[in-house]
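The block underneath contains the structure these notes are about, expressed in structure tokens.
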Number of protein chains: 2
Amino acid sequence: MRKYPRVIILGAGFGGMQTAQSLSRKSAEVLLIDRNNYNLFIPLLYQVATAQIEPEMIAYPIRTILGRATNTRFLMAEVKHIDFTHQVVEVNNAVIPYDYLVMATGSQTKFLGVLGAAENAFPLKTLAQAVRLRNHIFHCLEQAIWENDPIQRQQLLTFVIVGGGATGVEIAGALVDLKQTLKKDYFDIELKEIQIILVQSRKTILTELPESLGRYTTRKLSQLGVKVYLEARVSRVTQSAVEFLDGSSLATATVIWVAGLEASLPKTDVKSQIAHKNKLMVQPTLQLNEYANVYAIGDLAYFQDKRKPLSGVAPEALQQGVAVSRNISRQIQGKAPKPFKYFNKGRLAIIGCYAGVGKIGPFLLTGFLPWLMWLSVHLVYLPGLRNRLQVLLNWLHRYGLRTRAVRLILFSSVATCDLKKILDRLSNFT
Amino acid sequence: MRKYPRVIILGAGFGGMQTAQSLSRKSAEVLLIDRNNYNLFIPLLYQVATAQIEPEMIAYPIRTILGRATNTRFLMAEVKHIDFTHQVVEVNNAVIPYDYLVMATGSQTKFLGVLGAAENAFPLKTLAQAVRLRNHIFHCLEQAIWENDPIQRQQLLTFVIVGGGATGVEIAGALVDLKQTLKKDYFDIELKEIQIILVQSRKTILTELPESLGRYTTRKLSQLGVKVYLEARVSRVTQSAVEFLDGSSLATATVIWVAGLEASLPKTDVKSQIAHKNKLMVQPTLQLNEYANVYAIGDLAYFQDKRKPLSGVAPEALQQGVAVSRNISRQIQGKAPKPFKYFNKGRLAIIGCYAGVGKIGPFLLTGFLPWLMWLSVHLVYLPGLRNRLQVLLNWLHRYGLRTRAVRLILFSSVATCDLKKILDRLSNFT
């Protein structure tokens, strides 16, 4: 009945979006489904959370990216269930059949069973979470400035980041950056009162990169005033503290959780194919083991490159998107799909304050060069000319004028801090 | 005990912010209180709601505006109660005494007793409301594109604005603007399917301006495809329709309510001084009738200029802020406060699509000139260089490239439209 075979793509992240774009000139009818109407540029999410750039700058309308592709439709909906046997995807109250399915629903925060983490820690995977964290940080500052009790004050001004991967390092550096711009606005807060603590369960941070880069990053962060706790395991998070497995604890109103991720697997009736961290086992062609017309890519797929699983960065998902589009095209033409090969261009991580680290081929980089490279690469890959200009404007503003652009508490209720001490502080007025 | 008399300012809108800035070099201790940590540039709020600019662009941190004023402190809190007799302001659980009080808490939406309006209509007075309306508009489009039922579809694509003042006209024009940029993204929706209806209870629109300008605006809006309903009174708003006093009704999922405002009066024990629309009666010096050390300004004050009450625009509040600062200063020096005189520089209103109207002195303006003047004036008055650049960038993008910058559905749950018809529409695919 249909003129062309139908490809349904679930998820408009790096992988799903790339698949849709690569399929735009193929002989297929494409339906892209996502719960949001925008593609989110997750690598810059931490900059939204730390008030360096605005939420709208890293979100780009899916319909605009799809542009003039006449074979592609977009549906904003939540996927309820997938039935591989009958080849249908269930959304809201519609059941949509597919000929080929591309699963690219990404990953979500995993709290690793830590007590209170889900309720009290701040994850960072969505735009709403980034804005919530930004609001919370500025709420803490607005409360601390009127707080006389030294313990309460310290609690409000201590920021704990759990997770020593790239995101944890980025947030730590960005908070140092933020701290340096606060003096002008919060002159009643001493900079030394603001504590930034990075908690890592392993022996080194940035374990995806060579150990020497992790050690460099630890040293650099320490120089910037960040306390790095290595081999420290969090046992509990409350509204006012974080507790460790060794019995120690830290008073803090802010625990940022970037320690664990697991695949966001939509509901299906299949159980056997699940690998580590809820990921779907895939063949070298990115097809599911049991269904030749179903592909999984990005954070959802468990794929080994040179005997090591892929690490969950954007270039992997982008390259897989291109490969899946080619393989589906081959299947439609009656040819066999080809195995996916990941071409690793290297890896960069930004620390902030003009420092970064990176590994390009055999070369290890530290300092200003990888910092600048990181910013350039992310600016180039950010979708949308206007967004790119605005992010650049913000960065120039930040690094040129050394002031902070955004620092608003938006869409959030008023602080309910204990203001008993306002009178004391007011009488200490100049 | 205190070195200088303490002035408490309630509200950091145009009036309160200006008062604080004018008092920054005076011999007074100033405490500015607001529930948000930013000053909101309300005249551009409708552009946020219609996806022309981003929320952060019209919000500016209060602490940054206060800058280096060493006699001024900012407190982010909600005012619970004012006790004029004991001269104290109650916030959260603190009670703060004042020597002088400036009330500048502005206005809020008034639903005029219309059934269902508070629950189902979209007001537009806060940044959160603007983003909520923007989300809703794009939700409607995302639903409509998959909707086959012509009645449901019409309901989703009909936008009704209640209130024919400047804001109502601005929104109508902005929605026409928006409609023209949608074709590229929503090619399954015909532009003629999108209906924009402006409902006004009086005989003409823009009643603050000379009648001829109101008539010009009505004609201009009609040319742009907006239906203007004059002398129409809304009796009820539901989730799917708006009903009129004459018994007629319109199917619509979107009723934007800009028909009524009343003063946002904090709780006090005083009742006698309330005038029209909950406003506080003030003397020519802007002091309350009964308390010589309490001032009210902006939308909160009922002040007559040439026997007509002020109309509630920003220049009035700004000039009153300067006057109150001068009067408090005079009182501190033991001199008598002086009467406030409003200097009316003129009035502009923007229609959109390169047209506006205005009255500068005796001159009435229509068309391109007042449109350009409106944009220029608002750009100049917008606080913050970065915000000004970004808004300019967005406008150039919009009018230069004729595409829409922002069109995201942020921080909002997924559309729960009835998607039964998805299959039908998919089979109509190219």
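FYI, it's all coordinate maths here, none of it is from the lab. Computed from a predicted structure; not experimentally measured. So basically every Cβ, Gly included, is an ideal-geometry build from the backbone, and we count neighbours across all protein chains shown.
At-a-glance table
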{"quantity": "Chain B: angle of helix B:211-223 to the longest principal axis, Cα-based, in degrees nearest 10", "calculated": "30 degrees"}
{"quantity": "Distances in nm from A:Pro97 to the matching label points in the other copies, shortest first (labels 7 Å along Cα to Cβ)", "calculated": "8.2"}
{"quantity": "Stokes-Einstein D (µm²/s) once Rh is taken as the Kirkwood radius of the range B:146-216 over alpha-carbon pairs, at 10 °C in 1.306 mPa s", "calculated": "117 µm²/s"}
{"quantity": "Label geometry 7 Å along the beta-carbon vector: B:Lys183 inter-copy distances in nm", "calculated": "5.5"}
{"quantity": "Per-copy distances of the B:Pro284 label point, shortest first, in nm (7 angstrom along Cα→Cβ)", "calculated": "9.3"}
{"quantity": "Karplus-derived 3J(HN,Hα), 6.51/-1.76/1.60, for each residue of the range B:61-69, Hz, glycine and proline x", "calculated": "x, 4, 4, 5, 5, 5, x, 8, 5"}
{"quantity": "Computed magnitude of the charge dipole of chain B (debye, nearest 20; Cβ of K, R +1, Cβ of D, E -1)", "calculated": "1460 debye"}
{"quantity": "Förster radius 45 Å - calculated FRET efficiency between B:Lys306 and A:Gln108, Cβ distance, rounded to 0.05", "calculated": "0.10"}
{"quantity": "Built amide H within the under 5 Å cut-off of A:Lys80, gap 5+", "calculated": "A:Glu90, A:Val91, A:Asn92"}
{"quantity": "MRE, 222 nm, helices only [DSSP H, n ≥ 4, -39500 (n - 2.57), over the protein assembly as shown, to nearest 500]", "calculated": "-9500 deg cm²/dmol"}
{"quantity": "Nearest-ten-degree value, helix A:368-381 long axis tilted from longest Cα axis of chain A", "calculated": "50 degrees"}
{"quantity": "Mean separation of Cα contacts under 8 Å, 6 or more apart, over the residue count of the range A:3-91: relative contact order %", "calculated": "29 percent"}
{"quantity": "Contact order relative to length of the range B:231-364, as percent, for alpha carbon pairs under 8 angstrom and 6 or more apart", "calculated": "12 percent"}
{"quantity": "Rounded to 5, the percent of DSSP beta bridges in chain B classed as antiparallel", "calculated": "50 percent"}
{"quantity": "Distance (nanometres) between label positions extended 7 Å along Cα→Cβ at A:Ala118 and B:Ala118", "calculated": "3.6 nm"}
{"quantity": "Amide H contacts of B:Leu198 (H built 1.01 Å from N, under 5 Å, at least 5 apart or other chain)", "calculated": "B:Ile161, B:Lys227, B:Val228, B:Tyr229"}
{"quantity": "Paramagnetic label zone (point 7 Å from Cα along Cα-to-C-beta, B:Leu364; backbone N under 17 Å) in the range B:168-206", "calculated": "B:203-206"}
{"quantity": "When each of B:Lys110/B:Lys345; A:Lys125/A:Lys192; B:Lys220/B:Lys345; B:Lys179/B:Lys227 is checked by Cα-Cα distance, pairs over 20 Å", "calculated": "B:Lys110/B:Lys345; A:Lys125/A:Lys192; B:Lys220/B:Lys345"}
{"quantity": "Angstrom value of the Kirkwood radius, inverse mean 1/r, which spans all Cα pairs in the range A:130-278", "calculated": "16.8 Å"}
{"quantity": "The range B:269-344 - charge dipole about Cα centre, Lys and Arg +1 at Cβ, Asp and Glu -1, debye rounded to 20", "calculated": "280 debye"}
{"quantity": "Alpha-carbon centroids, the range A:201-253 and the range B:292-347: separation in whole Å", "calculated": "56 Å"}
{"quantity": "Charge dipole (chain B, unit charges on Cβ, about Cα centre) - positive-most of B:Leu221, B:Leu375, B:Asn135", "calculated": "B:Leu375"}
{"quantity": "Relative contact order, percent, chain A [alpha-carbon distance under 8 Å, six or more residues apart]", "calculated": "20 percent"}
{"quantity": "Whole-Å semi-axes of the ellipsoid equivalent to the range B:78-202 (Cα gyration tensor, √5λ, descending)", "calculated": "42, 15, 14"}
{"quantity": "Percent of alpha-carbon pairs separated by more than 49 Å within the protein assembly as shown", "calculated": "25 percent"}
{"quantity": "Estimated FRET transfer efficiency (A:Ala251, A:Lys184; beta-carbon r; R0 25 Å; 0.05)", "calculated": "0.40"}
{"quantity": "For the range A:75-151, Kirkwood radius (reciprocal of mean inverse C-alpha pair distance, Å)", "calculated": "16.7 Å"}
{"quantity": "Assigned charges on the beta-carbon of Lys, Arg, Asp, Glu; the range A:179-288 dipole about Cα centre (debye)", "calculated": "240 debye"}
{"quantity": "Other protein chain Cβ atoms within 10 Å, averaged over every residue that makes up A:82-94", "calculated": "2"}
{"quantity": "With Cα atoms, 0 to 90° folded angle of helix A:127-144 axis to chain A main axis", "calculated": "0 degrees"}
{"quantity": "Residues B:Trp395, A:Trp371 arranged by fewest to most Cβ contacts within 10 Å", "calculated": "B:Trp395, A:Trp371"}
{"quantity": "Cα-based Lys pair tally, the range A:256-319, threshold under 15 Å, eight or more apart or on separate chains", "calculated": "4"}
{"quantity": "Computed log₁₀ I(q)/I(0) - Debye formula, equal Cα scatterers, no solvent, chain B, q 0.11, 0.14 Å⁻¹", "calculated": "-0.89, -1.32"}
{"quantity": "log10 of Debye I(q)/I(0), alpha-carbon scatterers only, for the range A:14-109 at 0.10, 0.12, 0.15, 0.23 Å⁻¹", "calculated": "-0.32, -0.45, -0.68, -1.28"}
{"quantity": "Mean shadow area of the range A:299-348, taken as a quarter of the surface of its Cα convex hull (nm²)", "calculated": "3.8 nm²"}
{"quantity": "Ranked list, fewest to most other Cβ atoms within 10 Å of each Cβ, for B:Glu170, A:Glu119", "calculated": "A:Glu119, B:Glu170"}
{"quantity": "Distant alpha-carbon pairs in the range A:116-162 (separation over 17 angstrom), percent", "calculated": "41 percent"}
{"quantity": "Amide H within-cut-off set for A:Arg233, under 5 Å, with H built and near neighbours excluded", "calculated": "A:Leu245, A:Asp246"}
